[in-house]
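Asks: Before we start, here is the structure in question, set down as structure tokens.
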Amino acid sequence: MTLTGRTSRTITRDDAVRVVRAALTEAGRQGARVSVVVLDASGAVTAVVRDDGVTETVTAIARAKANTALTLRTATADFVRAISANTTLFTALAAQPDIALMPGGVPLTDSDEVLGAIGVSGGRGDQDPTIALAAAAALGH
């Protein structure tokens with residue numbers, strides 16, 4: 001018996017580096033010091049960079065944002081807006097490990113296929129999600 005399965009695509013190292021560079025460029029443009037984490041389709045860290053002086057806690061939050069975007073297959077900002085009125089659901093999800101219900105996580109896609117995700121943390125206001133979106137756009141898919 002032959003088993004067949006779907007071959008899953010994932011972000012390459014070169015694409016992860018391109019995404020990180022785009023994030024750092026946008027963060028610099030906005031005057032933000034951030035941590036950037038890129039996960040592949042399986043949830044493994046493919047790239048991580050933090051600006052000088054950014055703490056490990058901020059990096060852990062960036063990873064959780066990327067994991068949340070990957071798990072939910074949607075930008076964390078969009079998901080938070082969608083569930084914010086449901087405090088029971090929000091509280092239950094927020095208590096889950098490696099979930100960050102805050103803007104700054106974005107899936108990295110090619111057409112409708114999720115190749116991985118990026119998480120950005122350390123900015124102020126809407127900087128994290130705008131940096132993450134600019135970085136995701138660098139894939140050009």
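Asks: State all residues of region 36-49 that are crowded, with 23+ Cβ neighbours inside 10 Å and either free of Cβ contacts under 8 Å to residues at least 12 places away in the same chain or within 11 Å of the chain's Cα centre (by Cα) (or both); if no residue qualifies, say none. So that I can check it myself, show each step before the final result.
Replies: Step one: list which residues in region 36-49 are crowded, with 23+ Cβ neighbours inside 10 Å, which gives 36-39, 46.
Correct list: VAL36, VAL37, VAL38, LEU39.
Asks: Let me ask you something else. Name the single residue that is farthest from the chain's Cα centre (by Cα) among those in region 73-108 being part of a helix (DSSP H, G or I) and in contact (Cβ under 8 Å) with a residue 24 or more places away in the chain. Break it down into steps so the answer makes sense when it comes.
Replies: Quick first cut of region 73-108, residues part of a helix (DSSP H, G or I) only: 76-83, 87-94.
Within this subset, residues satisfying the condition of being in contact (Cβ under 8 Å) with a residue 24 or more places away in the chain are 76-77.
Details: THR76: 8, ALA77: 11 Å.
It comes out as ALA77.
Asks: Further question on the same structure: Taking ALA23 as the residue in question, decide whether it is among the hydrophobic types (A, V, I, L, M, F, W, C), over 13 Å from the mean Cα position of the chain (by Cα) and under 15 Å from GLN127 (Cα atoms).
Replies: Values: among the hydrophobic types (A, V, I, L, M, F, W, C): yes; over 13 Å from the mean Cα position of the chain (by Cα): no; under 15 Å from GLN127 (Cα atoms): yes.
Against the criterion (among the hydrophobic types (A, V, I, L, M, F, W, C), over 13 Å from the mean Cα position of the chain (by Cα) and under 15 Å from GLN127 (Cα atoms)), ALA23 does not qualify.
Asks: Could you run through region 111-141 and say how many residues are under 14 Å from ALA27 (Cβ atoms) and in a loop (DSSP other than H, G, I, E, B)?
Replies: Qualifying residue count, region 111-141: 6.
Asks: For ALA27, state whether it is modelled with pLDDT of 95 or more, under 18 Å from LEU115 (Cβ atoms), in contact with a strand residue (DSSP E or B) (Cβ under 8 Å, 6 or more places away or on another chain) and buried (at least 21 other Cβ atoms within 10 Å of the Cβ). Step through it out loud before you land on a result.
Replies: Numbers: modelled with pLDDT of 95 or more: yes; under 18 Å from LEU115 (Cβ atoms): no; in contact with a strand residue (DSSP E or B) (Cβ under 8 Å, 6 or more places away or on another chain): yes; buried (at least 21 other Cβ atoms within 10 Å of the Cβ): yes.
Criteria not met by ALA27.
Asks: With respect to ASP51, is the statement that it is more than 13 Å from VAL34 (Cβ to Cβ) and acidic (Asp, Glu) true? Walk me through it before giving the result.
Replies: Numbers: more than 13 Å from VAL34 (Cβ to Cβ): no; acidic (Asp, Glu): yes.
No; evaluated as a whole, the condition is false for this residue.
Asks: Among (1) under 21 Å from THR25 (Cα atoms); (2) touching a strand residue (DSSP E or B) at 6+ places or on another chain (Cβ under 6 Å), where does ASP52 come up short?
Replies: Here ASP52 clears every test but (2).
Asks: Within region 50-67, take every residue that is without any contact (Cβ under 8 Å) to a residue 40 or more places away in the chain and assigned to a helix (DSSP H, G or I) and give me the one that is surrounded by the most Cβ atoms within 10 Å (Cβ to Cβ).
Replies: Ranking the qualifying residues of region 50-67, first place goes to ALA60.
The values are calculated or read from the model by the stated rules, or taken from the named source; none is laboratory data. These numbers were taken from a predicted model, which means no experiment stands behind them. Neighbour counts are summed over all protein chains in view; Cβ atoms, including those assigned to glycine, are modelled from backbone coordinates with ideal geometry.
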